[in-house]
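Trainee: Here it is: the structure, laid out below.
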């Protein structure tokens with residue numbers, strides 16, 4: 001039991017759009033792991049694989065009342081990868097920080113960031129952004145159908161192009 005006499009109790013803040021730990025401080029090239037800018041669609045990358053649990057910004061966020069974050073990839077890509085919901089607790093690994101049972105998210109960006117990053121090689125307009133989404137969703141549906149067929153028939157290679 002905690003004696004709360006003369007004290008205030010406030011709920012913790014959940015930051016549902018955070019790059020904390022993915023773009024760690026100090027902001028050097030070595031800690032800039034938020035964008036896998038090799039393709040406009042990188043749904044296969046996970047923010048947790050770039051997360052640095054010892055980011056010096058974490059204690060500052062805690063002091064400001066943030067208790068839980070959704071750590072996201074950056075905004076360079078149309079589909080930037082998987083997010084993770086993390087508790088801001090002292091930890092050696094991102095696995096220790098994961099919020100039990102929390103679902104994963106998918107980072108998507110449309111507009112200025114993808115236009116700027118891919119202006120020479122990919123979508124340079126919002127029209128191009130939307131075309132990129134359509135193509136990615138069509139590819140994802142075809143991939144799902146291959147796996148559904150494999151699960152039903154247990155034959156062939158569902159990962160073949």
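None of the figures in this text is laboratory data; all of them are computed from the coordinates on show. Note that the structure is predicted; figures quoted are calculated from it, not measured. Every residue, glycine as well, gets a Cβ built from its backbone with ideal geometry; the counts of neighbours run over all protein chains shown.
Trainee: Just rank 42, 5, fewest to most, by other beta-carbon atoms within 10 angstrom.
Mentor: 5, 42
Trainee: First check a/c for segment 1-56, with a ≥ b ≥ c the square roots of the eigenvalues of its C-alpha gyration tensor; if it is under 1.5, answer rounded, and if not, answer prolate when a/b is larger than b/c or oblate otherwise.
Mentor: prolate
Trainee: Mind ordering 148-157, 111-120, 17-26, 75-84 by average Cβ neighbours within 10 Å, highest first?
Mentor: Packing proxy ranking, top to bottom: 75-84, 17-26, 111-120, 148-157.
Trainee: Let me know the shape class of segment 56-148, please: from the alpha-carbon gyration tensor, a ≥ b ≥ c as square roots of the eigenvalues, rounded when a/c is under 1.5, otherwise prolate if a/b is greater than b/c, or oblate.
Mentor: In terms of gyration-tensor shape, oblate.
Trainee: What FRET efficiency would be calculated for the residue pair residue 160, residue 138, taking the C-beta separation as r and a Förster radius of 25 Å, to the nearest 0.05? Can you show the working numbers first?
Mentor: On the way: r = 17 Å, r/R0 = 0.69.
My answer for the efficiency is 0.90.
Trainee: In whole percent, what relative contact order does segment 13-111 give with Cα contacts below 8 Å and a gap of six or more residues?
Mentor: 31 percent
Trainee: Just the number, please: percent antiparallel of the DSSP beta bridges in segment 13-111, rounded to the nearest 5.
Mentor: Just about 60 percent of them are antiparallel.
Trainee: Need one number: nm distance between label points at residue 67 and residue 14, each 7 Å from Cα along Cα→Cβ, rounded to one decimal.
Mentor: Between residue 67 and residue 14, the simple spin-label model gives 1.1 nm.
Trainee: Here is a follow-up. Based solely on its DSSP helices, what 222 nm [θ] is calculated for the chain when runs of n ≥ 4 H residues each add -39,500 (n - 2.57) and the sum is averaged over all residues, nearest 500 deg cm²/dmol?
Mentor: Only helices count here, giving -8500 deg cm²/dmol.
Trainee: If I compute Cα extents along the principal axes in Å from the structure I just sent, which labelled value in (i) 50, 40, 27; (ii) 74, 38, 27; (iii) 65, 43, 26 lines up?
Mentor: Only one listed value fits the structure, namely (iii).
Trainee: If you fit an axis through the alpha-carbon atoms of helix 126-153 and take the longest principal axis of the Cα set of the chain, what angle between them do you get, 0 to 90°, nearest 10?
Mentor: Tilt of helix 126-153: around 80 degrees.
Trainee: Return 127, 108, 1, 97 ranked ascending by Cβ neighbour count within 10 Å, so the fewest neighbours appear first.
Mentor: 1, 127, 108, 97
Trainee: Determine, from the Cβ-Cβ distance of residue 37 and residue 149 and an R0 of 30 Å, the FRET efficiency 1/(1 + (r/R0)^6), rounded to the nearest 0.05.
Mentor: 0.35
Trainee: Estimate the FRET efficiency between residue 7 and residue 95 by the formula 1/(1 + (r/R0)^6), using the beta-carbon distance for r and 30 Å for R0, to the nearest 0.05.
Mentor: Calculated value: 0.35.
Trainee: Can you tell me which of 73, 40, 90 moves the most in a GNM of the chain? Springs connect C-alpha atoms under 10 Å apart.
Mentor: Ranking 73, 40, 90 by mean-square fluctuation puts 90 first.
Trainee: Is the shape of segment 98-161 best called rounded, prolate or oblate, per the rule: a/c under 1.5 gives rounded, else a/b larger than b/c gives prolate, else oblate, with a ≥ b ≥ c the square roots of the Cα gyration tensor eigenvalues?
Mentor: Cα axes put segment 98-161 in the oblate bin.
Trainee: Could you work out the relative contact order of segment 75-161? I mean the mean sequence separation of Cα pairs under 8 Å and 6+ apart, divided by the number of residues, in percent.
Mentor: The normalised contact order for segment 75-161 reaches 25 percent.
Trainee: Sticking with this one: Springs between alpha-carbon atoms under 10 Å, Gaussian network over the chain: tell me which of 16, 33, 55 tops the mean-square fluctuations.
Mentor: 16
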